[in-house]
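Heads up: the structure comes next, in structure tokens.
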Amino acid sequence: VQLQASGGGLVQAGGSLRLSCAASGSIFRINTKGWYRQTPGKERELVASISSGGSTNYADSVKGRFAISRDSAKNTWYLQMNSLKLEDTAVYYCNLWAPGEVVWGQGTLVTVSS
């Protein structure tokens, strides 16, 4: 499986962006799709995830502002980011977990300006 992330860019604080992650190849039916982010000097952190059963999980810092969703028919998942803050600036990585497999996308840069 390969993941292709897209949708990053420059946005003003308070604005919105939607990230997409498209998976090529077969995905095991039991899986978790997620988004992580990383800034220089810091560890990569979970932003949001959605399980194959539909359960979602969010970092406290993005709750109420970000929403993860998926389109199983397209093997694609999304991160809708609203009310963006300066501290949301990071490289965002999509991630796929399945039994015996962890796959990362290449990262897409989100820059929030004042």
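Please state which one of S114, S49 is more than 15 Å from G7 (Cβ to Cβ) and within 10 Å of the chain's Cα centre (by Cα).
Details: S114 fails: within 10 Å of the chain's Cα centre (by Cα).
Unique residue meeting the criteria: S49.
Would you confirm whether or not segment 58-75 contains a residue that is among the aliphatic types (A, V, I, L, M), within 10 Å of the chain's Cα centre (by Cα) and surrounded by 14 or more Cβ atoms within 10 Å (Cβ to Cβ)? Steps first, answer last, please.
At the first step, the residues of segment 58-75 found to be among the aliphatic types (A, V, I, L, M) are 59, 62, 67-68, 73.
This time we only want the ones that are within 10 Å of the chain's Cα centre (by Cα), so: 67-68.
Going one step further and asking which of them are surrounded by 14 or more Cβ atoms within 10 Å (Cβ to Cβ), we end up with 67-68.
Checked against the condition, which is being among the aliphatic types (A, V, I, L, M), within 10 Å of the chain's Cα centre (by Cα) and surrounded by 14 or more Cβ atoms within 10 Å (Cβ to Cβ), segment 58-75 yields at least one hit.
Looking at segment 85-107, is at least one residue surrounded by 15 or more Cβ atoms within 10 Å (Cβ to Cβ), of a type in the set (D, E, K, R) and modelled with pLDDT of 95 or more?
For segment 85-107, residues surrounded by 15 or more Cβ atoms within 10 Å (Cβ to Cβ), of a type in the set (D, E, K, R) and modelled with pLDDT of 95 or more: present.
If you check V103, V91, V62, V47, which single one turns out to be under 13 Å from G8 (Cα atoms) and in contact (Cβ under 8 Å) with a residue 24 or more places away in the chain?
On the way: V103 fails: under 13 Å from G8 (Cα atoms); V62 fails: under 13 Å from G8 (Cα atoms); V47 fails: under 13 Å from G8 (Cα atoms).
Unique residue meeting the criteria: V91.
Going through segment 6-22 one residue at a time, which ones are buried (at least 16 other Cβ atoms within 10 Å of the Cβ) and of a type outside the set (A, V, I, L, M)?
Residues satisfying the conditions are G7, G8, S20, C21.
So which residues in segment 23-55 are surrounded by fewer than 17 Cβ atoms within 10 Å (Cβ to Cβ), under 23 Å from K74 (Cα atoms) and small (G, A, S)?
S24, G25, S26, S51, S52, G53, G54, S55
The values are calculated or read from the model by the stated rules, or taken from the named source; none is laboratory data. Predicted, not measured: the structure shown is a model, and the values here were computed from it. Positions of Cβ are generated from backbone atoms using ideal geometry, with glycine treated the same way; all protein chains shown enter the neighbour counts.
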